[in-house]
Amino acid sequence: MPASPVPAVAPAVEPDDGPPTEPSTDAAAVLRGAGLRVTRPRLAVYGALGERPHADVETVVEAVRAELGHVSVQAVYDVLRALTGAGLVRRVEPAGSPSRYELRVGDNHHHVVCRSCGSTADVDCVVGQAPCLTPSQTHGFTVDEAEVTFWGTCPSCR
């Protein structure tokens, strides 16, 4: 008997983000593989993040509206929450800056952020395995990730 495409355990809360769409892209397979329904807003948000790494919510909303027409800011937040909860999207929260979202997940990379314009870029782990840094004291915690943000001035702002 073939495996059912429906996840064994449905998410506790499924955001109402529009009707399901026909599976036609790799993004649809990724969403389905994570146990999420495939909807136009989810595909649009996922696509926007693929084209705009480290995008803030405002940037994602603009991209989704350009593709779909009207979509509420709350709907985009709901989709981002669902994608983040499913492990498909990473939320990056640089201090004093809006949250940013990216599709690069699961590799414990870091970021460099421009103090002037907020431009953000990936910084790969330099040495060792995750976590890249070893704390001098763990206080009994089992450390599985190190999150480092480097701050500076980007070439455009220099």
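Using a Förster distance of 30 Å, how high is the FRET efficiency between Leu68 and Asp122, based on the Cβ-Cβ distance and rounded to 0.05?
Once rounded, the FRET efficiency stands at 0.60.
Diagonalise the Cα gyration tensor of the stretch 106-158 and give the resulting equivalent ellipsoid semi-axes, square root of 5 times each eigenvalue, largest first, whole Å.
Over the Cα atoms of the stretch 106-158, the ellipsoid semi-axes are 27, 12, 8 Å.
Contour minus end-to-end for Ala29 and Asp56, with contour as 0.36 nm per residue of separation and end-to-end as the Cα-Cα distance?
7.3 nm
Arrange the following residues from fewest to most other Cβ atoms within 10 Å of their Cβ: Leu68, Leu80.
The fewest-first ordering by Cβ neighbours comes to Leu68, Leu80.
May I ask you to order 141-153, 112-124 by the average number of other C-beta atoms within 10 Å around their residues, highest value first?
Descending packing order for the listed peptides: 112-124, 141-153.
Quote the FRET efficiency, to the nearest 0.05, computed for Arg40 versus Asp107 with a Förster distance R0 of 41 Å and r equal to the Cβ-Cβ distance.
0.90
Taking Rh as the Kirkwood radius computed over C-alpha pairs, what is the Stokes-Einstein D of the stretch 38-110 at 10 °C in a medium of viscosity 1.306 mPa s, expressed in µm² per second?
Translational D for this selection: 130 µm²/s.
Hey, with R₀ at 25 Å, roughly what FRET efficiency would Ala146 and Arg81 work out to, going by the Cβ-Cβ distance, to 0.05?
FRET efficiency, Ala146 to Arg81: 0.55.
Run a plain Debye calculation on the stretch 69-151 (Cα atoms as equal point scatterers, no solvent) and give log10 I(q)/I(0) at q = 0.12, 0.14, 0.24, 0.26 Å⁻¹, rounded to two decimals, same order as the q list.
Summing over Cα pairs of the stretch 69-151 leads to -0.46, -0.60, -1.23, -1.27.
Here, each number is a calculation from the coordinates, and none is a lab measurement. Keep in mind that this is a model prediction, so the values were computed, not measured. Please note: Cβ atoms are built from the backbone with ideal geometry, for glycine as well, and neighbour counts cover all protein chains shown.
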